Structure formats: structure tokens, C-alpha cells
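This report refers to the structure that appears directly beneath it.
Please treat every number below as a calculation from the coordinates, not as lab data. Values in this document were obtained by computation on a predicted structure and should not be read as measured data.
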């Protein structure tokens, strides 16, 4: 799927939260953050590439990332909203010795629900969040053995989970720090057969996910 599909998913998720936003009389909270993203990809059958090497993994490189959330406080503790992130990574082929092929942007779009602990007037408020949406992998050109190979982008279903803490020295401007885990479903490999005395035998699979785990900090504004 293309980036346009990912943007469409984002718009639909915002539309889904619109009734709640319209009815809420609570604060609007906007967070901007940046940090470091640890990423892993998936493995597969060994392939002999044009450079003569054998590769059996594709991974994003650990790298810098940034993003924002826009939430509305539906109650004193529960917020609903949207999260966007962008990781400025590289496409890495693995064969025991990793090879960086090209720049690779990984963007995520998630509708989220956030729970804030403590009294709304407290300076420090821990929070947890979770949500569902999509991860979009950008297209790029890979040059292998002097030959250019255009690689198309793709968009996959994903969820995101995390938590952190916000601190508000004043009424509007504050600071925040958070941890976030985002697993993205990529494929399912055959896992053999499972037999049950009641239900009989059936094929099972081993799902593979590309995971992002990031540490970030930034500023938060509430209106």
C-alpha cells in the first residue's frame, strides 16, 4: 500500500475521535517529542543477491526519531487522540555482516487512548497509552552490484503501547518523557501442524513482527 493509504487511515482515525472531541469540555494536550528508536525486522529464506552475498534478514537501522500527539481530555484522566511518528532509518540487509542499502523512513499513524494518573492539578502526572493504526515503510532505490533496483513502499497494520511522565511547572507549558513499543505485523511463516484429540489436526503459523522500541522526550502544551 502507498503513503496515500496511510494518510487516509490517519484521517479516518481522526474522524472516529471527532464526536468525542466535539463533546469534550476538557483540555487539548499537544506533545512534541524526539529520541532514539531501536528497531528490528524479519528473517526469511536465504537469497543470493546481485553482489554475490547471501542475505536472510531485512532490518531497519537503529536511529533518530520524532513525533507528536494531539489529545483531548475526555475526563480528568482519560484522553483520546492521534499519534504520528517518523524514524529516519536505513534499510539493512543481514548475512552475518550487515549491509546498509539506502535511507528508509518509517512512519506510524495511530489513534490512541491515554490514561493519566493523579489529580489534574498535580505538577507531575504519569500516563499510559495504547492504540491501533498503521506503519508505513517508504520506497527507495537500492543499488546492488551497480544496478538500480526501485523498491516500493508498503503499509501494514500495527499497534502502539507505552507510558511515561509529564511535568507542568506552569499551567500551559511542560516537559515529558516516554517509552513506546510498536509491533508491526509483516508475515506468517508455516509452523507445522497441531493436533488436538477433540478438534483434530490443523496447520499453524509463526507470525513475524517488525518492532520499534523508542525512548523519547520533549515538550507538552495544554490548553
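Annotations
- Normalised by the number of residues in the stretch 63-113, the mean separation of alpha-carbon contacts (under 8 Å, six or more apart) gives a relative contact order of 35 percent.
- Here the Kirkwood formula, the inverse mean of 1/r across different C-alpha pairs, assigns the stretch 79-154 a hydrodynamic radius of 15.5 Å.
- For the stretch 65-199: rounded, prolate or oblate by the Cα gyration tensor [a/c cutoff 1.5]: oblate
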